[in-house]
1. Which residue pairs have Cβ atoms under 8 Å apart, sit 6 or more places apart or on different chains, and have a first residue in the stretch 10-39 that is over 30 Å from residue 126 (Cβ atoms) and a second that is of a type in the set (Asp, Glu) and assigned to a loop (DSSP other than H, G, I, E, B)?
2. Might you let me know whether the stretch 135-147 holds any residue that is open to solvent by 70 Å² or more (accessible area, probe 1.4 Å), in contact with a strand residue (DSSP E or B) (Cβ under 8 Å, 6 or more places away or on another chain) and without any contact (Cβ under 8 Å) to a residue 60 or more places away in the chain?
3. Hey, among 70, 101, which residue is open to solvent by less than 50 Å² (accessible area, probe 1.4 Å), within 23 Å of residue 177 (Cβ to Cβ) and in contact (Cβ under 8 Å) with a residue 40 or more places away in the chain?
4. Where residues in the stretch 1-50 are hydroxyl-bearing (Ser, Thr, Tyr) and assigned to a helix (DSSP H, G or I), which of them is most open to solvent (accessible area, probe 1.4 Å)?
5. Answer yes or no as to whether residue 90 is out of contact with any Pro (no Cβ under 8 Å at 6 or more places or on another chain) and farther than 28 Å from residue 39 by Cα.
6. Considering only the stretch 167-190, I want to know if a residue exists there that is under 16 Å from the mean Cα position of the chain (by Cα), under 21 Å from residue 88 (Cα atoms) and among the charged types (D, E, K, R).
Amino acid sequence: MKKNLPFDSHVSEYEEWYQEYPFVFKSEVEAIRQMLPEGERLTGIEVGLGTGQFAQALGIKEGVEPSPNMRARAVRRGIDALDGVAESLPYKDLRFDFVIMACSISYYDDLHRALKEAYRVLKNNGVLIIGFINRNSIIGKQYEQQKAESTFYREANFYSVDKLKSELTQAKFKQLEFCQTLFRPLDEIKEFEPSREGFGEGSFVVVQARKRI
């Protein structure tokens with residue numbers, strides 16, 4: 001993940017976003033939940049935990065986060081948060097049934113390497129679930145316009161769906177499935193927005209990609 005990001009010194013500001021946009025967060029969480037694999041005793045991690053908001057909401061107990069202050073908040077939420085980055089995960093091969101990347105791919109140094117690492121630690125038939133703001137969406141365009149003056153988006157790399165599809169294919173993932181939510185501008189979302197299949201309308205897109213050997 002990128003070095004010198006602002007998260008470590010702006011943890012409280014980061015957490016305030018979730019309080020300011022509760023229905024945005026709930027809509028994102030439920031869209032990701034829809035893509036989680038079904039089954040008992042499945043093991044999974046979140047890569048780029050932040051302060052553990054998504055992991056806590058989704059019942060994920062483990063993951064990695066490079067920011068010490070963000071990681072400390074995640075630990076307080078009961079998550080086993082390891083010091084680590086997406087491009088070099090501190091786990092053995094074939095370890096997990098699923099890997100989640102929730103709003104974190106925009107901050108990776110090397111997206112291709114991060115996807116290869118997720119592929120490595122997944123069991124055969126395991127899934128990678130990525131939730132991200134589509135660069136070409138209403139909110140994606142808004143974030144792009146605000147990058148210069150934004151604390152958190154200045155160093156962000158927002159991806160289009162086509163770009164991410166290409167990267168996932170190069171990393172050998174298969175059976176891509178999509179859902180989407182957040183169909184209005186950010187400040188107009190005042191209620192929970194259920195997800196729909198596909199992409200192209202909602203700003204927040206979730207893709208489930210499967211490891212098949």
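The values are calculated or read from the model by the stated rules, or taken from the named source; none is laboratory data. Just so it is clear, the model here is predicted, and its values are computed rather than measured. Counting neighbours? That spans all protein chains shown, and the Cβs are built from the backbone with ideal geometry, glycine included. Heavy atoms of the whole protein, side chains included, go into the accessibility calculation; ligands, DNA and RNA do not. Shrake-Rupley method; radii C 1.70, N 1.55, O 1.52, S 1.80 Å.
1. So the pair list comes out as 23/191; 23/193.
2. No, the stretch 135-147 contains no residue that is open to solvent by 70 Å² or more (accessible area, probe 1.4 Å), in contact with a strand residue (DSSP E or B) (Cβ under 8 Å, 6 or more places away or on another chain) and without any contact (Cβ under 8 Å) to a residue 60 or more places away in the chain.
3. On the way: 70 fails: within 23 Å of residue 177 (Cβ to Cβ).
Result: 101 is the single residue among 70, 101 that is open to solvent by less than 50 Å² (accessible area, probe 1.4 Å), within 23 Å of residue 177 (Cβ to Cβ) and in contact (Cβ under 8 Å) with a residue 40 or more places away in the chain.
4. If we filter the stretch 1-50 for residues that are hydroxyl-bearing (Ser, Thr, Tyr), which is where we start, we get 9, 12, 14, 18, 21, 27, 43.
Still in the list and also assigned to a helix (DSSP H, G or I): 9, 12, 14, 18, 27.
Working: 9: 92, 12: 67, 14: 43, 18: 27, 27: 1 Å².
That would be 9.
5. Numbers: out of contact with any Pro (no Cβ under 8 Å at 6 or more places or on another chain): yes; farther than 28 Å from residue 39 by Cα: no.
Considered against the rule, which asks whether it is out of contact with any Pro (no Cβ under 8 Å at 6 or more places or on another chain) and farther than 28 Å from residue 39 by Cα, residue 90 comes out as no.
6. yes
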